[in-house]
Structure formats: C-alpha cells, structure tokens
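J.: Next up is a structure, given as structure tokens.
The values are calculated or read from the model by the stated rules, or taken from the named source; none is laboratory data. Because the structure is predicted, anything quoted here is derived from the model rather than measured. Reconstructed Cβ throughout: ideal geometry from the backbone, glycine too, with neighbour counts over all protein chains shown. Quick note on the areas: whole protein, heavy atoms, side chains included, nothing else; ligands and nucleic acids left out. Shrake-Rupley method; radii C 1.70, N 1.55, O 1.52, S 1.80 Å.
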Amino acid sequence: MGQTIADTNLPATIILPDYDRSLLKSRIVHLGFGAFHRAHQAVFTDSAARQSGSDWGICEISLFSDTLIKALRIQDHLFSVTELGAKSTQSRVIGAVTESLHAGLDGIQSIIEKMAEPQVAIVSLTITEKGYCIDPSTGQLDRNNQLLVADLTNPTEPQSALGFIVQALKLRRERGLQPFTVLSCDNIQGNGQVTKTAIVEFATHFDRDLGAWIADNVSFPGTMVDRIVPAVTTAALQDLERELGVADPCGVACEPFNQWVIEDDFVAGRPVWEIAGAEFVDDVAPFEEMKLRMLNGAHSFLAYLGFLAGHTYISDTMADPGFRNAAFDLMMTEQAPSLKMNNGTKLEAYANRLIERFANPALRHKTWQIAMDGSQKIPQRFGGSLRHHVHTGTDFKFLAAGIAGWIRYVSGTDENGSAIDVRDPMASELAEIYKNHGHNGSVVPAILSVKTIFEPEIGGDTRVINEVTTAYESLLRNGAKATVASLSRDNNTNYFDSRTSK
Ligand code: CS2
C-alpha cells in the first residue's frame, strides 16, 4: 500500500491536528460524508477540539457509495481541507472524525446501533434537498417518494436517512436512553422544522406513541450553513496531491469563507462550535432566508443562464459584465426587498461580498454542478421572493429570467443543439412535458403548473406566466448571454464596479 496522509511527513505549512485524537468520542453521528460536510461541520468540530480540548468526535455514516469510507479508513480517518483564496492557499488536516460506518460494508443494524449508543448526542445530516423525501414546494413528507414507501413498508431495514433516525430513536426510547438532537445542515428553508415534520410524520405512521415521544423530546435546531465547496474532481485531487505531497482521496478544496448560524436548542449538549466562529441564535429563519435567496438564488440564476451562455465556471460568469450586473441586481432589487432582516444586517455589503466570493478564480465551481436538482432548489431560492412580488405587485424580471433559464436548461438541449446532462429527480417528468409541448413558449405554463415545484398561487399567476414566457422566448430567440445583458440598466459598462467604488 502506498503512503497516505496519515503516515507521511506533510509540508510544514500544513496545519495538523495538535490534540489527542484518542480522547475523542463519537458523540456526533453524521449522515452524508460529502464534500460540503468535510469542509464545513467537520472543520468546526476539529477547531473545537483544537481550541477547547473538546472530546466531541464524529462517526461518519455513508448509505450509498463505499469508496470514500474505504479510503478514509486506510488513512486513520484523517483528511485534508484546502482553502483556495483568490491569492493564497492553506491546507489543514482534520482530526475530528474517528469512526465510520457504511450500510453495505457494515450492515444496516450496525448503523442503527451506533446511533443508539448512549454517548451519541447529535445526529447531523447533509443529505441534500432530495434526501428529506419531502414535497419541495410545501415541505411536507412526499408519500409517493420511493425510498419512503420502501421504509414505511419495511421500517426495520431502512434505506432513507429518515428511516435510520426513526429506528435509532425507537431503540433509545425502548432502552430508556435520552434522545439525541437531529441537526439538519442542508440548504432548505426551515430545515429544522422540515426535518421535524418529516421524522415525526414518518414515526407516527407506524407507531403513534413513538411519534409523540419524538415530537416532545427530540430537538431539531434550524441552521444556516455556508461555504462554497465545488464537487471534488480528478483534476482537483491532483492539485491537492501537489499541495500535500501525497494523494488524499478524501481531500476537499473550498473557499476560505465559512459561516454557520445555529438555533441553540440541543437536548443532549453540543460542542463549543462558537469557538470556531459559529453563531448561536434564537431564530435562524432570517439568516437562512437571506442566504437561500441572495447566495443560492444568485447561484442558480448564474448556473442555468451561465451554462446556456457557455460559461463552465461561476467565476467565468463574474468576468462577464452582463452576468455580474444581473447577479447583483437580482440580489438587490428582487431578493433583498423580500427579506425581513431586523438584526442590522447590511444586505448591500452582503451582496458585494457574494460577488467577490463568486469571482474567486481559484475555485473551479461548475455551473453544471449547481444546475443539478433544480426541481428541489427552485422553490427554496426563487419561490418565496416570487410570492412576495406577486403580493406586492412589484417587478421580478430577474427571477423570471432565472426560472426561464432553468426551464430552458431542463429541455436537455443547449444553444448549440448539443445534449445537456440534466441531473434531477424530476428529469423524466420534465422531459415528458417537453415531449408534449415542444420547445415553444407553451411549455412554460405547463412546467409552472407542476405543483411540487410551484405552489398554484405562483405557478398559475398571470404575471408570472407572462414574465417567464417572455424571458424564455428571449432565450430561444437571442440566447442567454444577450438576454442576461439586457436585464440590467447599463449592459455595456460594468456599472457594478463604478457604483461600488464610489
Ligand atoms: C450551490 C450551493 O450547488 C448549489 O446549489 O448553490 O451548494 C452553495 O455553494 C452553498 O450553499 C454555499 O454555501
């Protein structure tokens, strides 16, 4: 076996865990060992151990592919996180993970038993929007979801994250153990409440008492999580290997920025994540809405329209003045007015910072990656602000263009007539609509009437239908680059720069 990150002398510039990892206990069980979790919650937990001697360690659970878990075990559960700033790079090795389990390698029951161990105080989740088995437009459990149907039929052999959590809580209750906190770290509006509704409904389905016990005893704090973490590609791993001097298949690269806002409601304690910069608040909703609409909304806008305009990376869209201005205007003229920030947050400064983050040339964040799972993301990112503008009678041309971009994208054909690899749990339903309507403007009201994505009040609104159709037809006629350039006041000069340098 070759050298790993665990048995190599790494360059002196790399920050290593300087605490006794043998003292860590798996007090956190995390579901979803993806790039985002490694670069976010794992880093905060590592910093807590480093700075406070905290004994909070993480047991990673993977329900799907076993490749990463196998690699992680070979390197003593260590992995690297490399921050790519516009001008400098910093790598560190994360020591907070001490154990791992995989459904296929270790068996389903071993995962349930791990979650039921007495010291486990938090089960955290990064399972993406679709992992919650909810109807994205309402946040309610989607009873037709295949994983869910399978788990409701055979609850003791769960496949979904919800199924595992409910079985583990059932065991804890039977054994007289205190429950754990369920901590959603996914980009979903009201992620704590959505997770609670899904889990309580699921449990109640086959055991009313268990459902009531969970509702009364388990806490589900809401969180706002933020760090831009591009998917790890082969090229990214090669860059990391150059940086570290050794291959790290579990390594991840991300931007330097990191934010975590959490509701302080933990039934069995929590690490001192504030030592690493986490903010604890009573109500996370305003932060979550701000981030989803401003950051993620702009991201989706740039992803669909940018992809169609031929931009591979988000930073490429920021080098195009039409896109850069439109992203800023979308945030300031249509997303910001829909937010109720009563904590003094300066939204213009936030938008400026986002433009700077998007422009980071070191982060190769693909428009195609962000374009994935639009049917799950659009309601969170555009739905609430669209509802606001429908109610107040105000303009929403940027939002309309973003939605039109998504509709044009899921047609599966780009502006040169080449196929787009559309990844979305609803891809086949959307393709079917295209089959029935062809590519003309009549496809727009048909897609807007898909109730799991657009609540009827929005999808059936005449102004919404007209604006999105106009933008869609402009995309067909003029292409994405020209359509986006025509949205902002001055499409020839980069007025964003002149305005902010005043
Ligand atoms: C992105 C997010 O892929 C996407 O949909 O918008 O992953 C985004 O990078 C993060 O939410 C940033 O915190």
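J.: Do you know which of the residues in segment 248-265 that are assigned to a loop (DSSP other than H, G, I, E, B) and open to solvent by less than 30 Å² (accessible area, probe 1.4 Å) is nearest to the ligand (Cβ to nearest atom)?
T.: Glu255
J.: So, one more: Any residue that is over 30 Å from Pro11 (Cα atoms), within 16 Å of the ligand (Cβ to nearest atom), in the same structural domain as Ser375 (by TED's automatic domain parsing) and open to solvent by 10 Å² or more (accessible area, probe 1.4 Å) - is there at least one of those in segment 319-328?
T.: no
J.: Checking Asn144 against (1) modelled with pLDDT of 95 or more; (2) assigned to a loop (DSSP other than H, G, I, E, B); (3) open to solvent by 60 Å² or more (accessible area, probe 1.4 Å), only one condition comes out false. Which one?
T.: Tallying (1) modelled with pLDDT of 95 or more; (2) assigned to a loop (DSSP other than H, G, I, E, B); (3) open to solvent by 60 Å² or more (accessible area, probe 1.4 Å), Asn144 fails exactly one: (1).
J.: Of all residues in segment 357-369, which are out of contact with any strand residue (DSSP E or B) (no Cβ under 8 Å at 6 or more places or on another chain), within 15 Å of the ligand (Cβ to nearest atom) and outside any helix (DSSP H, G or I)?
T.: Ala359
J.: If you don't mind, another one. So if I check each of Ala215, Ala253, which one is in the same structural domain as Asp76 (by TED's automatic domain parsing), within 22 Å of the chain's Cα centre (by Cα) and of a type in the set (Gly, Ala, Ser)?
T.: Sole residue among the options that is in the same structural domain as Asp76 (by TED's automatic domain parsing), within 22 Å of the chain's Cα centre (by Cα) and of a type in the set (Gly, Ala, Ser): Ala253.
J.: Somewhere in segment 284-307, is a residue away from the ligand (no atom under 16 Å from the Cβ), within 20 Å of the chain's Cα centre (by Cα) and under 24 Å from Gly383 (Cβ atoms)?
T.: yes
J.: Same structure again: Take the residues in segment 337-392 that are polar (S, T, N, Q) and over 16 Å from the mean Cα position of the chain (by Cα), then tell me which one is surrounded by the fewest Cβ atoms within 10 Å (Cβ to Cβ).
T.: Asn342
J.: Shifting gears a bit: For segment 451-468, what are the residues that are free of Cβ contacts under 8 Å to residues at least 60 places away in the same chain and either more than 18 Å from Gly374 (Cα to Cα) or open to solvent by 20 Å² or more (accessible area, probe 1.4 Å) (or both)?
T.: Across segment 451-468, the qualifying residues are Pro456, Gly460, Thr462, Ile465, Asn466.
J.: Here's a follow-up. Mind checking which residues of segment 266-283 are within 16 Å of the ligand (Cβ to nearest atom) and buried (at least 16 other Cβ atoms within 10 Å of the Cβ)?
T.: Within segment 266-283, just Ala278 meets the criteria.
J.: Which residues, taken from segment 161-189, are under 27 Å from Ser375 (Cβ atoms) and either at pLDDT below 95 or part of a helix (DSSP H, G or I) (or both)?
T.: Selection gives Ala161, Leu162, Gly163, Phe164, Ile165, Val166, Asn187, Ile188, Gln189.
J.: Restricting attention to helices (runs of 4 or more DSSP H) lying wholly within segment 1-115, give those where 1 or more residues are open to solvent by 30 Å² or more (accessible area, probe 1.4 Å) and farther than 28 Å from Leu169 by Cβ.
T.: Those helices (runs of 4 or more DSSP H) span 41-52, 67-74.
J.: When both residues are 6+ apart or on different chains and their Cβ atoms are under 8 Å apart, which pairs have a first residue that lies in segment 168-196 and is under 30 Å from Ile453 (Cβ atoms) and within 16 Å of the ligand (Cβ to nearest atom), and a second that is among the hydroxyl-bearing types (Ser, Thr, Tyr) and part of a loop (DSSP other than H, G, I, E, B)?
T.: What qualifies is Cys185/Thr126; Asp186/Thr126; Asp186/Thr128.
This table checks each residue for (1) within 30 Å of Leu141 (Cα to Cα); (2) touching a residue at least 40 places away in the same chain (Cβ under 8 Å).
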residue	(1), (2)
Leu339	yes, yes
Gly344	no, no
Asn352	no, yes
Phe358	no, yes
Thr367	yes, yes
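J.: Whether any residue in segment 207-214 is open to solvent by 50 Å² or more (accessible area, probe 1.4 Å), of a type outside the set (Phe, Trp, Tyr), in contact with a Pro (Cβ under 8 Å, 6 or more places away or on another chain) and assigned to a helix (DSSP H, G or I) is what I want to check.
T.: no
J.: Among all residue pairs at least 6 apart or on different chains, which show Cβ distances below 8 Å where the first residue, located in segment 370-384, is within 16 Å of Ser428 (Cα to Cα) and within 9 Å of the ligand (Cβ to nearest atom) and the second is at pLDDT below 95 and basic (Lys, Arg)?
T.: Asp373/Lys130
J.: Okay, next question. Give Thr98, Thr13, Thr8, Thr45 a once-over and let me know the one that is more than 16 Å from the ligand (Cβ to nearest atom) and under 21 Å from the mean Cα position of the chain (by Cα).
T.: Thr45
J.: State yes or no: is Ala419 closer than 18 Å to Thr333 by Cα, in the same structural domain as Leu308 (by TED's automatic domain parsing), modelled with pLDDT of 95 or more and surrounded by fewer than 17 Cβ atoms within 10 Å (Cβ to Cβ)?
T.: no
J.: What residue, of Asp395, Asp424, is away from the ligand (no atom under 16 Å from the Cβ) and either in a loop (DSSP other than H, G, I, E, B) or open to solvent by less than 30 Å² (accessible area, probe 1.4 Å) (or both)?
T.: Just one listed residue meets the conditions, Asp395.
Let's see how each residue does on (1) out of contact with any helix residue (DSSP H, G or I) (no Cβ under 8 Å at 6 or more places or on another chain); (2) surrounded by fewer than 24 Cβ atoms within 10 Å (Cβ to Cβ):
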residue	(1), (2)
Asp151	no, no
Thr156	no, yes
Gly163	no, no
Val166	no, no
Arg175	yes, yes
Gln178	no, yes
Asp186	no, yes
Gly192	yes, yes
